[in-house]
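First comes the structure, then the notes that go with it.
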Amino acid sequence: MVPVNLMVPSTLRTLGLPVRIGLAALLAVLVTGWGVSVHLAVERSGDEVWSALSPEACRLRTCAPPLERAMHTTMGHHIPDSRERRVVVTWIHHGARMNDYYGEPSGILARRCQTCHGASPQASVRLLTYGDALALSQAPGLGGRDPYHRLRHLHVHLFSLGTVLCLLLLGLAYSRYPRWVVLGFGLSPVVALVLSVGLTLWGCSMPGPLGYVVLWLCEGLVIGAWPVITALVAWDLFAAQPGTDANS
Ligand code: HEC
């Protein structure tokens with residue numbers, strides 16, 4: 001038996017059937033949006049689902065400069081030799097200095113990338129000069145050039161999720177669940193969301209992995225809480241009222 005004193009009567013359940021079906025349809029649309037957001041994150045990481053959701057993938061997606069990210073993800077197959085990739089990434093991590101550029105990195109980029117990103121570049125991404133490579137080696141959101149504004153797009157998805165989470169929180173607050181469930185599943189993803197937007201701007205510039213690991217945890221909380229909240233609200237819309245006999 002479910003302990004009745006932990007429950008409050010659901011106001012969602014008292015709504016008329018057409019309204020509840022409408023709300024359920026809305027939930028279905030939103031959960032599809034959740035799937036699309038996760039899919040986009042995976043696709044942008046160009047990898048398997050689980051490795052695309054790892055802390056390293058989170059760093060690549062959010063904190064790494066476009067040149068580093070592209071070499072590990074969308075443009076990875078153009079530079080199949082992992083040693084060459086390491087050379088360029090090391091150059092980026094050591095400050096993308098001009099002197100070091102005219103050693104190996106410039107040769108690798110010329111050989112692997114300039115057929116498409118040369119004088120008449122594809123996707124407006126030019127990798128012809130040191131200046132081009134430097135611009136793409138700066139961190140996104142910190143003055144670097146990011147042709148696809150992927151950072152902002154990803155967080156627009158997350159942000160719309162968060163807005164809706166707030167609405168669902170309101171719905172949950174009036175429903176049958178105890179307050180700690182409402183606060184736990186409703187409020188913590190919203191807090192994580194706000195934190196992750198801030199961390200996207202400042203966390204990436206923290207020394208060491210702390211910034212992006214916290215960012216990864218926040219994103220995980222938002223992504224993970226979403227289906228749980230949807231399931232709770234969906235259940236609340238259609239399940240029977242608790243304790244209608246003795247307790248009300
Ligand atoms: C065969 C052509 C081709 C080659 C070779 C190529 N690219 Fe691209 N690149 C593209 C096209 C097309 C796009 C736009 C579509 C996309 O994002 O997949 C693009 C987009 C990009 C972008 C911006 C979008 C993103 O994914 O971040 C970067 C940065 C980039 N390439 C870097 C590189 C680097 C570095 C290399 C060499 C290792 C390289 N490209 C080799 C065709 C190419």
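The values are calculated or read from the model by the stated rules, or taken from the named source; none is laboratory data. Bear in mind that the values here come from a model prediction, so they are computed numbers and not experimental data. With ideal geometry, Cβ positions are generated from the backbone for all residues, glycine too; neighbour counts draw on all protein chains shown.
Here's the yes/no breakdown for (1) more than 30 Å from residue 214 (Cα to Cα); (2) away from the ligand (no atom under 14 Å from the Cβ); (3) in the same structural domain as residue 213 (by TED's automatic domain parsing):
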residue	(1), (2), (3)
52	no, yes, yes
71	no, no, no
74	no, no, no
79	yes, no, no
85	no, no, no
91	no, no, no
99	yes, yes, no
111	yes, no, no
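Where in segment 19-137 are there helices (runs of 4 or more DSSP H), lying wholly inside it, with at least 3 residues that are modelled with pLDDT of 85 or more and buried (at least 19 other Cβ atoms within 10 Å of the Cβ)?
66-72, 82-93, 104-117, 130-136
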Exercise. For segment 8-27, what are the residues that are among the aliphatic types (A, V, I, L, M) and more than 21 Å from residue 177 (Cβ to Cβ)?
Worked result: 17, 21, 25
